[in-house]
1. Quick check on this structure: which one of 131, 127, 118 is part of a strand (DSSP E or B) and at pLDDT 95 or above?
2. Counting just the residues of the range 1-12 that are away from the ligand (no atom under 14 Å from the Cβ) and part of a loop (DSSP other than H, G, I, E, B), which one comes out farthest from residue 278 (Cα to Cα)?
3. Go through 279, 263 for me and flag whichever is in a helix (DSSP H, G or I) and closer than 18 Å to residue 53 by Cβ.
4. Please enumerate the residues belonging to the range 134-191 that are within 16 Å of the chain's Cα centre (by Cα), away from the ligand (no atom under 11 Å from the Cβ) and touching a residue at least 60 places away in the same chain (Cβ under 8 Å).
5. With the structure loaded, tell me whether residue 228 is in the same structural domain as residue 22 (by TED's automatic domain parsing) and either touching a strand residue (DSSP E or B) at 6+ places or on another chain (Cβ under 8 Å) or touching a residue at least 12 places away in the same chain (Cβ under 8 Å) (or both) or whether it fails that test.
6. Condition first: outside any helix (DSSP H, G or I) and either surrounded by fewer than 13 Cβ atoms within 10 Å (Cβ to Cβ) or touching a residue at least 40 places away in the same chain (Cβ under 8 Å) (or both). Now tell me which residues in the range 192-224 satisfy that.
7. Answer yes if at least one residue in the range 168-179 is out of contact with any helix residue (DSSP H, G or I) (no Cβ under 6 Å at 6 or more places or on another chain), under 27 Å from residue 47 (Cβ atoms) and not in a strand (DSSP E or B), and no otherwise.
Ligand SMILES: CCC/C=C/C=C/C(=O)SCCNC(=O)CCNC(=O)[C@H](O)C(C)(C)COP(=O)(O)OP(=O)(O)OC[C@H]1O[C@@H](n2cnc3c(N)ncnc32)[C@H](O)[C@@H]1OP(=O)(O)O
């Protein structure tokens, strides 16, 4: 694993299997509340992972009792109290801050490596914004979620309102949880917000064991195949089928010349396990 991850103070990165990284929010004494430092580190970390040939899949989780209690209500000041600018100029400054905060989570969505979120305990406000930027979400049955922003007097602006409707089909349920900011369980999400979670586990240990197996399976596959698949699925989410078909044709125009295709299809045809693939 490359050295740059050691510079992170509130994010822990571990190698938990061949080509599998576990990334942990690591501020357990504050239930992993997100101050500006950890917010920036999330963005830095996923930009590095995007380029890191030793990583093919990520498990994201929170250290301690809870995944994450959202925005650090004590430690983040969104407004500069000494800013004597008029409202137009103040507005431009806050726009810059919001865009920066959005981008740090978008790096997860845009990361070329699939990100599996393993959630437990509280997942409040900005924590759900993170969750919606991940590729696959699982949770323990004790997970408590809330689109909490209305409770602090704002519309959520770093991802949940934008990504959740692309994940969950039940719009009445989305409006219910976003407008009331009420707590809901992972079990409720499975029932009404079908597809928010792939699975809900009884214990954290079982959840981590299962996602590690899943991550190792993905990591054993051709990185050309896996990364191309995430990229095209993300494109398909935002575009017409016709545009998306054109996109994948253009993508594969170069990607089909890979050695991975020959190696993987030979193994598949002869019912052998997937062979090792070159780093990507
Ligand atoms: C442009 C901006 C975009 C972003 C917007 C994002 C918005 C949001 O995220 S809205 C959601 C904000 N979060 C909250 O409203 C949760 C606040 N916390 C709580 O309600 C409770 O702490 C909680 C229900 C999570 C747990 O309660 P419990 O009684 O079990 O524990 P506590 O003693 O309250 O907490 C333990 C220590 O953690 C600190 N802490 C927890 N959450 C936060 C937080 N969000 N911000 C700052 N600090 C937090 C808490 O202060 C305790 O610390 P200490 O007193 O030092 O022991």
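The values are calculated or read from the model by the stated rules, or taken from the named source; none is laboratory data. Given the structure is predicted, the values throughout are model-derived calculations rather than measurements. With ideal geometry, Cβ positions are generated from the backbone for all residues, glycine too; neighbour counts draw on all protein chains shown.
1. 118
2. 9
3. Values: 279 fails: in a helix (DSSP H, G or I).
From the options 279, 263, the qualifying one is 263.
4. Hits for the range 134-191 are 134, 135, 136, 137, 138, 139, 166.
5. Values: in the same structural domain as residue 22 (by TED's automatic domain parsing): no; either touching a strand residue (DSSP E or B) at 6+ places or on another chain (Cβ under 8 Å) or touching a residue at least 12 places away in the same chain (Cβ under 8 Å) (or both): yes.
No; evaluated as a whole, the condition is false for this residue.
6. Passing the criteria: 195, 196, 197, 198, 199, 200, 201, 202, 203, 220, 221, 222.
7. No, there is no match, as no residue in the range 168-179 is out of contact with any helix residue (DSSP H, G or I) (no Cβ under 6 Å at 6 or more places or on another chain), under 27 Å from residue 47 (Cβ atoms) and not in a strand (DSSP E or B).
Quick grid of which residues meet (1) away from the ligand (no atom under 12 Å from the Cβ); (2) under 20 Å from residue 5 (Cα atoms); (3) not assigned by TED's automatic domain parsing to the domain that holds residue 237:
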{"site": "36", "(1), (2), (3)": "no, yes, yes"}
{"site": "40", "(1), (2), (3)": "yes, yes, yes"}
{"site": "44", "(1), (2), (3)": "yes, yes, yes"}
{"site": "56", "(1), (2), (3)": "yes, yes, yes"}
{"site": "63", "(1), (2), (3)": "yes, yes, yes"}
{"site": "70", "(1), (2), (3)": "no, no, yes"}
{"site": "82", "(1), (2), (3)": "yes, no, yes"}
{"site": "99", "(1), (2), (3)": "no, no, yes"}
